[in-house]
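Notes for the one structure printed next.
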Amino acid sequence: MVIRLHRRILAAAALLLTTAILLSWIAAQPVRTVFSPVQMSESIIVLDAGHGGADGGTSGSDGTLESTLNLQIVRRLEWLFLFLGQQTVLTREDEQDLSGPEDHTIGQQKVSDIRARVELVNGLDGAFLISIHQNYLTGHPEVHGAQVFYSQSEEAHQAALAVQDALNLHINPRNEKNCKPAPTEVYLMAHVTAPAILIECGFLSNTQETQLLASADYQKELSAVIAAGYLQYHTKEGTA
Ligand SMILES: [Zn+2]
């Protein structure tokens, strides 16, 4: 029991240290050279900015669009993982979705887009999917905070626990949340064969949190915490 407690303290300290290093590195921008302090693995992290194209996702009362925030956060994650020596692939790199010219209605575009994302992930060996979204809860403007959902895989569950711990420590103080299995109706999460986590970074139904989510500083902090949480999971995986 003492050993387990000791390990937990060490793990928490390691997480704090990693996050602090990432945050201080971000604060010291711009950094021109890319180097690899940690050779994470041969795996590929697929970074998925939710929505795009005609589907903007949810939106804040000030017009802040979920699809835009998702892409901004994904871009910051891409940069951080590059710094960590980790290969990444983005499902979308701009505001366009993955539908084709033959998809005329929004319904067709959404189906075609999500199937293309699944195909992309399932076509990559050693993929790990991190999907970024924003939440909205009608009638509860006070609800806020980041929450992680995971696909049906033990790896995904372990990663979700680590990322949620990191988010609770840095983003959700006194507002801790539990990670949860992704609802089965989330097509992407139910159909990818790779382990996958989906992060609802915050609530656009909360005006204050919407402003935070749109700010560069908060996005940098959020992405550093997510990367640190993932690193924590990945390190444990490697030593298990
Ligand atoms: Zn979404």
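Things to note:
- Selection of trypsin sites (Lys or Arg not before Pro), region 130-223, meeting DSSP coil and at most 10 other Cβ within 10 Å: Arg174
- When Asp48, Asp94 are arranged by Cβ crowding within 10 Å, least crowded first, meaning fewest neighbours, the order is Asp94, Asp48.
- Ranked for footprinting exposure by Cβ neighbours inside 10 Å, fewest first, Glu237, Glu200 give Glu237, Glu200.
The numbers here are math on the coordinates, done by the rules we state, and not lab data. Note that the structure is predicted; figures quoted are calculated from it, not measured. Virtual Cβ from ideal backbone geometry, glycine too; neighbours counted across all protein chains shown.
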